[in-house]
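Down below is the structure, laid out as structure tokens.
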Ligand SMILES: Cc1ncc(COP(=O)(O)O)c(C=O)c1O
């Protein structure tokens, strides 16, 4: 029963009791294939034994002290992430740990403002993209390029200049604006509809940031930790940001976020600049280290690339008819295991129909069926996902309401 909860979510009529790998079971014992992973969180699937063991061991040892003291697991996690972020110079990277994606973005926004302060800029501007999503706190919803999320919460936090996504010229046009200090983007827009920019986009952003002394800040909250077939989505282009934000897959369900910065950006915060009571506590850091161990040992980044390719190819082939008819499905797109099936019209009702058939998916930007299966997904489960989606579309394609 959810009547005692604020009505912030349109919840599906199902309660899950437990999970195993990519599978979930509800209170009636019905089994579901989870092709959403708690919106890109449970990259190792559910109840992974190595993560469960790390969490229970740590719970029996030490849950929390405070960032007033040293936290060895936090330092180790920072080191491990630094090595992945900038392998040729990990010492240039520093991490700040928090509890969510929005908080990771908040830390980045504060870094950009600190950069502005140091330069004597009183009204700093951060360039953000239309269709972007960065969270639900006041600053991050102000950075988000979706009015639905903002209406009712005005006045918005000032200091964000919005440009179209995947349009380097629109960013370049702001080069003469002396108040601009940073660019904040998702390398692939997730909530915006699995929107993949052109190959050169991030490299162009990198060049513009270098030329103008702007921080290049990438929100990898959804795309990071192997989801797209690289540890971080920017690695597909080689355009290394100055600041990178992580959450979701980092903890596999344990609430943790991270703001990683390199070079001079890593030195902007000084004692007292920022903080969090729970951020980076022993429990969540130990869990995240276990997650990283499994991803590395099981080669899940490469596996995500292979499975993503297989899933996209199978969907494209199975939907050939719908694609060529052009009036039902216009595109199957994605990178790694972040996939969108783009419909010609709103398709939100597919979520409930998929649920009834035992498949968890979601719809974003009203017409994009989004798949974020766990990185451990196998070929048989991929076949099941494709079969169910094809059946849904062929039996009863989305109609205009
Ligand atoms: C790209 C991106 N940034 C930030 C967030 C916000 O993360 P959280 O809900 O953990 O605050 C999300 C959540 O969907 C996201 O996809």
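Just so you know, all these numbers are worked out from the coordinates, no wet-lab data involved. Fair warning: this is a prediction, and the values are worked out from it, not measured in the lab. Glycine also receives a Cβ, built like all others from the backbone with ideal geometry; neighbour counts cover every protein chain displayed.
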Residues in the stretch 339-365 that a label on residue 387 would reach, taking backbone N under 18 Å of a point 7 Å out along Cα→Cβ: 354-361
If I model the stretch 63-150 as equal point scatterers sitting on the Cα atoms and use the Debye formula, what is log10 I(q)/I(0) at q = 0.16, 0.17, 0.19 Å⁻¹? -0.87, -0.94, -1.04
Kindly give the semi-axes, whole Å and largest first, of the ellipsoid equivalent to the stretch 143-221, taking each as the square root of 5 times a Cα gyration tensor eigenvalue. 21, 17, 10
Counting DSSP beta bridges with both ends in the chain, the antiparallel % (nearest 5): 65
For the stretch 267-401, convex hull volume per residue from C-alpha positions, Å³: 180
May I ask for the equivalent-ellipsoid semi-axes of the stretch 184-241, computed as the square root of five times each C-alpha gyration tensor eigenvalue and listed largest first in whole Å? 19, 11, 10
Work out, step by step, the length gained on full extension between residue 176 and residue 12: first 0.36 nm times the residue separation, then minus their alpha carbon distance; give nm to one decimal. 54.2 nm
Can you give me the C-alpha center-to-center distance between the stretch 164-232 and the stretch 260-332, rounded to a whole angstrom? 16
Computed P(r) (all Cα pairs; the stretch 4-158; 5 Å bins; percent): 2, 7, 9, 12, 15, 16, 15, 13, 7, 3, 1, 0, 0
Could you compute the FRET efficiency for residue 162 and residue 61, with r as their C-beta to C-beta distance and R0 at 51 Å, rounded to 0.05? 0.65
Can you tell me the Rg and the Dmax, both Å, for the Cα atoms in the chain? 21.0, 62
The stretch 341-378 and the stretch 10-53 have their Cα centres apart by a whole-number Å value of 16
Taking only the alpha carbons of the stretch 1-60, what extent do you get along each of the three principal axes, in Å, biggest first? 35, 26, 23
With the radius of gyration and the Kirkwood radius both derived from the Cα set of the stretch 152-282, what is their ratio Rg to Rh? 0.97
